[in-house]
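Just so you know, all these numbers are worked out from the coordinates, no wet-lab data involved. All of these numbers come straight from a predicted model, not from anything done at the bench. Here the Cβ is made from the backbone with ideal geometry for all residues, glycine too, and neighbour counts use every protein chain on show.
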Amino acid sequence: MKADRGHAGICVLVLILTLGCGQSVSSNPILPMHELTGDVTKSSGDPWTTIEPEGKSVDLKSPSDPAVKPHWSPDPSEPYSVVVEEFYVTSANGNEIFADVHRPEFASPETPCHGLILVPGGTQKGDAWHAEYLKCGSNHLAAAGFLVMDFDFQGRGKSEGEEDYCGPTHREDLRAVIEYCAKRPDVLPGGIGLVTSSFGCTVASGTLASWPDLPVRFWIDKEGSQNRFVSTQWDDPFWVETWGGHDTSDIEFWREREAIRFQPHITVPYIRVQSDLDHALDYFYVDHAIAMVNAALSGESPYCRMNHNPPNIRLSRVYKDTYQYENVYHLSEALYDYVLEAGTMEF
């Protein structure tokens, strides 16, 4: 029976990532700009794509060994029936965050499974992950054996509060959701997987940098923009309006919403998924992917890679045509495969 197979195939995992968190970071870390490359005073151009200093060599980092090897693996060949639960999680400011859980039918305190949190892109709601045509969606991942949680940030959908465009308030939302998911008795201990789409990378990088002790096992970033230039598509009026009218000259607004500022301070394994034609820009642009991988590599992340290229190597725009990329028309299928792979990896 399916439940018997789930019970036999799932063991409680105690996975300790020795990530070397170092000193804690405040809830709103303001990073010295000179520690990165580029000039924040510029209001045009893209100063953040060059994050590979000339002559600087980076040693290959060894992934941390887990204390106990996992004996769990997802099973996409025979999907489980999925149960959906809807509820609210309280954020730090007291506002209620609407969330739902999609879990395989067997998930219980006796047969727990790996937790996975999906963060939407742009100003979308959590149900952006519900579309059945998306292979990497809440139901398909739950059917494979994950307990999947998605949610509405404050100011969106059924949640209370005001829109914060992936700023400090939304970081508190994501923190609350991660902590809730990790405490569920039907979730394996050892860390929650995190998957972000597009601009969702901004709130993820800021959250992971601000609270390095959060129980996150890995982060998969689908084509996230690293700075205000890419986020606004170089001050395109449509995207400036999307971000509440804040163009690239609004430094105070964007200093809290540029993922590249927080990326060197994340302490979790980071996998960037990038297609040959960027989903938002609709042309071959991968400098943001290169910048995000290099920033994580230069910091405290124990494992960094883009797609199926070798891990823990510094990427260069000079050689970007030689790297492996996913097909934009099959990006959701590829993202699904990356999540299943990360679920069984020993970082």
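Of all residues in the stretch 246-265, those satisfying the criterion of being out of contact with any Asp or Glu (no Cβ under 8 Å at 6 or more places or on another chain) and surrounded by fewer than 24 Cβ atoms within 10 Å (Cβ to Cβ) are H246, S249, D250, I251, E252, F253, W254, R255, E256. Of the candidates F238, F262, the single residue that is in contact with a Gly (Cβ under 9 Å, 6 or more places away or on another chain) and of a type outside the set (V, I, T) is F262. Considered as a group, the residues in the stretch 73-102 that are of a type outside the set (G, A, S) and assigned to a loop (DSSP other than H, G, I, E, B) include one that is nearest to the chain's Cα centre (by Cα), and that residue is P74. Taken over the stretch 258-309, the criterion of being assigned to a loop (DSSP other than H, G, I, E, B), among the hydroxyl-bearing types (S, T, Y) and over 24 Å from T248 (Cβ atoms) is satisfied by T267, S301, Y303.
For the stretch 266-306, taking the residues that are under 19 Å from I192 (Cβ atoms) and over 13 Å from the mean Cα position of the chain (by Cα), the one that is surrounded by the most Cβ atoms within 10 Å (Cβ to Cβ) is identified as S301. From P185, P215, P237, P168, which residue is free of Cβ contacts under 8 Å to residues at least 60 places away in the same chain, surrounded by fewer than 21 Cβ atoms within 10 Å (Cβ to Cβ) and out of contact with any helix residue (DSSP H, G or I) (no Cβ under 7 Å at 6 or more places or on another chain)? Of P185, P215, P237, P168, the one residue that is free of Cβ contacts under 8 Å to residues at least 60 places away in the same chain, surrounded by fewer than 21 Cβ atoms within 10 Å (Cβ to Cβ) and out of contact with any helix residue (DSSP H, G or I) (no Cβ under 7 Å at 6 or more places or on another chain) is P237. When you check R228 against the structure, is it over 24 Å from F87 (Cβ atoms) and either aromatic (F, W, Y) or in contact with a Ser or Thr (Cβ under 7 Å, 6 or more places away or on another chain) (or both), yes or no? The answer is yes for R228.
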